[in-house]
Amino acid sequence: MVYEKLEKLHNIQNVNNFKNMPKSEIHPKWFNDATVYCDGKPLCTVGSTKEKLKVDIEELKDQRLRSVAELENYRKRSEKDQSDALKYGITNFAKEVISIRDNIERANASILDEIKSDEKIKPVIEGLELIHQSIISVLDRFEIKKIESIDQKFDHNFHQAMVEIERDDCEPGTVVQELIPGYMLHDRLLRPA
């Protein structure tokens, strides 16, 4: 049987020399680069098949590691996207609420001091103040913070410059007037000051 395989593998015409040889003397290296045939057609070379299988195993290990890493990255991205959606999903609503806060603050500022002391207007002013306080508490609850700008160094990440005013009592690049207050939603800019 072994001799017939050798005859097929090495295309040896005369196997009689090998038939007399003890099996222990047949060198295993003879099989390493032997070509395996099926119906007269070569299927593969035994030695190259071993090497190919080793390469295939390494490629499959690499593919598996890459797939595991890609799946882990996808999981982390999904968790971050989900947390960002929960954290910043109220952005458009928050922009509307801060404009309401701005309007209430403008309304309070526009009422003259002599009118504030009038007993007929006092309930309206107290109502405006209650609405203002409730809006501030809602904004605080959702971590919408007002950006402090006056007497701060100009920062293009938080401020939008409209006019540059020269003053001797402060350093250049210091914000001295705020037209519209800016707001942050958590760590993101909602509206520049």
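The values are calculated or read from the model by the stated rules, or taken from the named source; none is laboratory data. Keep in mind that this is a model prediction, so the values were computed, not measured. Neighbour counts run over all protein chains shown; Cβ positions are idealised from the backbone, glycine included. Quick note on the areas: whole protein, heavy atoms, side chains included, nothing else; ligands and nucleic acids left out. Shrake-Rupley method; radii C 1.70, N 1.55, O 1.52, S 1.80 Å.
What the table shows:
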| quantity | calculated |
| --- | --- |
| Breaking point among (1) within 18 Å of residue 178 (Cβ to Cβ); (2) hydrophobic (A, V, I, L, M, F, W, C); (3) in contact (Cβ under 8 Å) with a residue 12 or more places away in the chain, for residue 138 | (1) |
| Test: residue in region 133-144 that is of a type in the set (Gly, Ala, Ser), under 18 Å from residue 191 (Cα atoms) and open to solvent by less than 60 Å² (accessible area, probe 1.4 Å) | no |
| Filter pass, residue 113 being open to solvent by 90 Å² or more (accessible area, probe 1.4 Å) and either out of contact with any helix residue (DSSP H, G or I) (no Cβ under 8 Å at 6 or more places or on another chain) or touching a residue at least 40 places away in the same chain (Cβ under 8 Å) (or both) | yes |
| Residue count, region 55-89 (criterion: within 30 Å of residue 145 (Cβ to Cβ) and either assigned to a helix (DSSP H, G or I) or open to solvent by 100 Å² or more (accessible area, probe 1.4 Å) (or both)) | 13 |
| Members of region 136-181 found to be in a strand (DSSP E or B) and more than 23 Å from residue 106 (Cα to Cα), listed by number | 153, 174 |
| Identity of the residue in region 59-100, among the acidic types (Asp, Glu) and modelled with pLDDT of 90 or more, that ends up farthest from residue 136 (Cα to Cα) | 59 |
